């Protein structure tokens, strides 16, 4: 599989561009060579960052996105349980579904264009070198597993030449559109990915299987040395000087 067959996808809200999106794009352009598609909510929210590697798409135009955002616009689906002020990311489907819809749209458009490999990278990642993208040639899915916890969805790879690719992304779309996500134990994208991988029994490789990746650890940084994932409140802490804790 040649590098030109690959595509990287990410997404961020326009309000988060200065918080972490800018550094993601700046360091991606500096160190990476794979084409990147960035989903941003609304054309007006697209940052003034032009580069041959980068294509911006409007997330609000993705099929089903606005319906699901409307369907999940209530406190529990935003992670606010029992009228409390604390956010529980495990149930914040309104936020995390956006990642899934960006991935679904990118998968179908890239496969239709003859693409073979799709990679997701969270937009709060910062590169410090050329990060090799692991090959998906011998499997369908690459993921970052963690013992006694859900996987980390900061990085995922899919092989769009595998026969199961369409069923996987069709089912991912249907989980949200039908409200089936509310029947899962947790409602965020990492749990959805784990559920689909297990239920569909797709060929998959856990990139962190040989590591001591337990609980809510930052497994991305254990696997990849050329970049760091500023997960949870870490990105806010670096700007504000406040302490924080991981959220997924």
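The values are calculated or read from the model by the stated rules, or taken from the named source; none is laboratory data. Since the structure is predicted, the reported quantities are computational estimates derived from the model, not experimental observations. With ideal geometry, Cβ positions are generated from the backbone for all residues, glycine too; neighbour counts draw on all protein chains shown.
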Qualifying residue in region 116-125 (condition: on the phi < 0 side of the Ramachandran plot and surrounded by fewer than 19 Cβ atoms within 10 Å (Cβ to Cβ)): no
Identity of the residue in region 136-157, surrounded by fewer than 23 Cβ atoms within 10 Å (Cβ to Cβ) and not in a strand (DSSP E or B), that ends up modelled with the lowest pLDDT: 148
Single unsatisfied condition, residue 212 versus (1) at pLDDT 95 or above; (2) under 22 Å from residue 125 (Cα atoms): (1)
Any chance residue 34 is surrounded by 14 or more Cβ atoms within 10 Å (Cβ to Cβ) and part of a strand (DSSP E or B): no
Selection status of residue 45, without any contact (Cβ under 8 Å) to a residue 40 or more places away in the chain, surrounded by 19 or more Cβ atoms within 10 Å (Cβ to Cβ) and in contact with a helix residue (DSSP H, G or I) (Cβ under 8 Å, 6 or more places away or on another chain): no
Within region 89-119, tally of residues that are touching a helix residue (DSSP H, G or I) at 6+ places or on another chain (Cβ under 9 Å) and not in a helix (DSSP H, G or I): 6
Tally, over region 50-81, of residues that are touching a helix residue (DSSP H, G or I) at 6+ places or on another chain (Cβ under 7 Å), more than 21 Å from residue 124 (Cβ to Cβ) and modelled with pLDDT under 95: 1
Matching residues in region 158-195 - criterion: being touching a residue at least 24 places away in the same chain (Cβ under 8 Å), part of a loop (DSSP other than H, G, I, E, B) and closer than 24 Å to residue 7 by Cβ: 160, 161, 162, 164, 188
Which numbered condition residue 50 fails, given (1) touching a strand residue (DSSP E or B) at 6+ places or on another chain (Cβ under 8 Å); (2) within 25 Å of residue 226 (Cβ to Cβ): (1)
Qualifying residues in region 14-31 (those that are touching a residue at least 40 places away in the same chain (Cβ under 8 Å) and surrounded by fewer than 20 Cβ atoms within 10 Å (Cβ to Cβ)) - the one farthest from residue 115 (Cα to Cα): 19
Residue that is surrounded by the fewest Cβ atoms within 10 Å (Cβ to Cβ), among those in region 188-223 that are more than 27 Å from residue 175 (Cα to Cα) and out of contact with any strand residue (DSSP E or B) (no Cβ under 7 Å at 6 or more places or on another chain): 210
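Pick out the one residue from 3, 35, 14, 47 that is under 17 Å from residue 102 (Cα atoms) and at pLDDT below 95.
14
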Residue in region 57-74 that is part of a strand (DSSP E or B) and under 20 Å from residue 131 (Cβ atoms) present: no
